[in-house]
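Everything on this sheet refers to the single structure shown next.
The values are calculated or read from the model by the stated rules, or taken from the named source; none is laboratory data. Everything quoted here is computed from the prediction, not taken from an experiment. Cβ: placed from backbone, ideal geometry, glycine included. Neighbour counts: every protein chain shown. These accessible areas exclude ligands, DNA and RNA; they are computed on the full protein's heavy atoms, side chains included. Shrake-Rupley method; radii C 1.70, N 1.55, O 1.52, S 1.80 Å.
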Amino acid sequence: MAEIASNNLPLGSKIIDFELPDSVTANLHSLADVQGEKGTVIMFLCNHCPYVKHVVDEIVRVANDYRVLGFGFVAISSNDV
């Protein structure tokens, strides 16, 4: 595997606004659409990864439990064009 440099941002960096297509519906979603009043969880994952497939039901359960408490959730498929 080739070594690829990463452009990591320091912890605590402010997020920039984004607009990305839903990988299932192709509808566009922005940061404002997914932001929660108390915080926002952004996960970078791959929807065909076996590890993600194994835990996706639990991710959805946790997201649903915390959304009602004011937290927003979004999963970004980092290797989907």
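Placing a pseudo-label 7 Å from each Cα along the Cα-to-Cβ vector at GLU37 and ASN64 gives an inter-label distance of 2.2 nm.
Annotation: peptides 27-35, 71-79, 11-19, ranked by per-residue average of other Cβ atoms within 10 Å with the highest first, follow the order 71-79, 27-35, 11-19.
If only the Cβ of Lys and Arg carry +1 and only the Cβ of Asp and Glu carry -1, the dipole of the chain around its Cα centre is close to 180 debye. Applying 1/(1 + (r/R0)^6) with r as the Cβ-Cβ distance of VAL52 and SER6 and R0 = 22 angstrom yields a FRET efficiency of 0.65. I'd like the carbon and sulfur percentage of the solvent accessible area for the chain, probe radius 1.4 Å, heavy atoms only, ligands and nucleic acids excluded. Using a 1.4 Å probe with all protein chains present, the chain comes out at 57 percent carbon and sulfur. Relative intensity of the chain on a log10 scale, I(q)/I(0) at q = 0.17, 0.24, 0.25, 0.26 Å⁻¹, equals -0.85, -1.39, -1.42, -1.42, per a Debye sum over C-alpha point scatterers of equal strength in the absence of solvent. Looking at the chain, the DSSP beta bridges with both ends there are about 30 percent antiparallel.
Accessible surface calculations at 1.4 Å, restricted to protein heavy atoms, place the chain at 87 Å² per residue.
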